[in-house]
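A short worksheet on the structure shown next.
Just so you know, all these numbers are worked out from the coordinates, no wet-lab data involved. Everything quoted here is computed from the prediction, not taken from an experiment. Here the Cβ positions follow ideal geometry from the backbone for every residue, glycine too, while neighbour counts run over all protein chains shown.
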Amino acid sequence: MDLARIEQHKATFSSSILDCIGNTPLVKFNNINIDSRTNIYAKLEFLNPSGSIKDRVAQYILNNAERNGLLKPGQLIVESTSGNMGLSFAMLSAVKGYKCVFALPETISKEKIRALKLFGAEVVLTPRGLPYSDEKSCYKVAQKIAGDKNGFYINQYFNILNPEAHYFTTGPEIWEQTDGMVDVVLCGIGTGGTISGVGKYLKEKNPEIKIIGVEPVGSVFRDFFREGILVKEGHFEVEGIGKNFIPGVLDFNYIDEIVQISDDQSFKTVNDLINLEGVFAGGSGGAAVGAALNYAVTNNKDINIVTILPDTGMKYLSKLKD
Ligand SMILES: Cc1ncc(COP(=O)(O)O)c(C=O)c1O
């Protein structure tokens, strides 16, 4: 191949799959919110190479570990994950020669589990809904494996590099892509890494920007944010957002409000996005856009809302309804 010629096409040429992480498009919706004066945009994070926003965090953590000599060649990487962070590390490990073990709640979609295995990762399934401190929870299982096998433990719920990755990438991209004209960001909360990093960056640029967290009905963040009480977790189906404990990286200082959304509305919005916008997002993206539509209907102002679509609905084909 003539590399000089390829260089001329820099916009579409990457010397490695890892160079394709980040810089995702921001897309305006034109049909889903036809009744409102509010513009709704979405950051298409499913266009990252392993299909989710977590590629940004995994790359940032791995680069940091390699730079600081914390990871040895071929070492085992261990994490508890709802699948996407695992897929990001599995993809990076395929390129860089690390091994991976992931502890996942057993209710995670078949598609994500199969993809992890195809990437060569070992998968340990754990019961769903256990408290963080329960030794059978995915968090404690991952910690134990890391300890027993001298693994490098990612610890995304308490690793400050998680929000930092978004502070240095996702936040600036949203600011630049909107030319600073963003009024509201609606973003699902899982670890809280995305909302905390994006929120910090955008509030430093303009404290008037509203940062609104989105979680499924049954998750504990909203009540903790509003009243400081940790309620008992209820059941929800949407993957990746909502928890029964407060992650260490979730920084409420950069959040103005947290709203809840039903599984039904999240999944209906996934279908509407497919049929009205041609956008195939996962359930947490459906939740963020559903919450944006609720916000637009309630406020009906000439404003720009940015939502984040963390992954693709293709990872949940076996769970989505027609
Ligand atoms: C599908 C999906 N949506 C949303 C999130 C939440 O992102 P964050 O962990 O940055 O809060 C995750 C995180 O695991 C996810 O996998």
### Query
Where a Cα-Cα gap under 16 Å defines reach, which aspartates and glutamates qualify for Lys315, not counting those fewer than 8 residues away within the same chain?
Glu45, Asp55, Glu106, Glu111, Glu237, Glu239
## Note on the structure
Highest GNM mean-square fluctuation among Leu76, Leu202, Leu44, for the chain with Cα springs under 10 Å, belongs to Leu76
### Query
Whole-Hz Karplus ³J(HN,Hα) for the range 90-98, in order, using 6.51 cos²θ - 1.76 cosθ + 1.60 and θ = phi - 60°, x for Gly and Pro?
5, 5, 4, 5, 4, 6, 9, x, 8
### Message
With Kirkwood's inverse mean 1/r over C-alpha pairs for Rh, give me the Rg to Rh ratio of the chain, two decimals please.
### Response
0.96
### Task
Hand me the trypsin sites (Lys or Arg not before Pro) from the range 56-136 located in a DSSP loop with no more than 15 other Cβ atoms within 10 Å, in residue order please.
Arg128, Lys136
### Summary
If one builds a Gaussian network model of the chain from Cα atoms under 10 Å apart, the most fluctuating residue listed among Gly83, Gly285, Gly97 is Gly97
### Summary
By the C-alpha gyration tensor axes a ≥ b ≥ c (rounded if a/c is under 1.5, else prolate when a/b exceeds b/c, else oblate), the shape of the range 113-154 is oblate
### Query
Using the Cα gyration tensor of the range 36-141, with a ≥ b ≥ c the square roots of its eigenvalues, what is the shape: rounded (a/c below 1.5), prolate (a/b larger than b/c) or oblate (neither)?
oblate
### Message
Would the range 155-287 count as rounded, prolate or oblate if I go by the C-alpha gyration tensor, calling it rounded below 1.5 in a/c and otherwise prolate when a/b exceeds b/c, oblate otherwise?
### Response
oblate
## Note on the structure
Amide H neighbours of Ile261 at under 5 Å, excluding residues fewer than 5 places away on the same chain, with H built from the backbone geometry, are Glu215, Val217
### Query
Of all DSSP beta bridges in the chain, what percent run antiparallel (nearest 5)?
15 percent
### Message
Could you identify which residue out of Gly129, Gly290, Gly147 has the top mean-square fluctuation in a GNM of the chain using Cα springs shorter than 10 Å?
### Response
Gly147
#### Entry: Under 16 Å from the Cα of Lys200 - aspartates and glutamates, other chains or at least 8 residues apart
Glu164, Glu173, Glu176, Asp183, Glu208, Asp251, Asp256, Glu257
#### Entry: Cα-based Lys pair tally, the range 54-153, threshold under 20 Å, eight or more apart or on separate chains
20
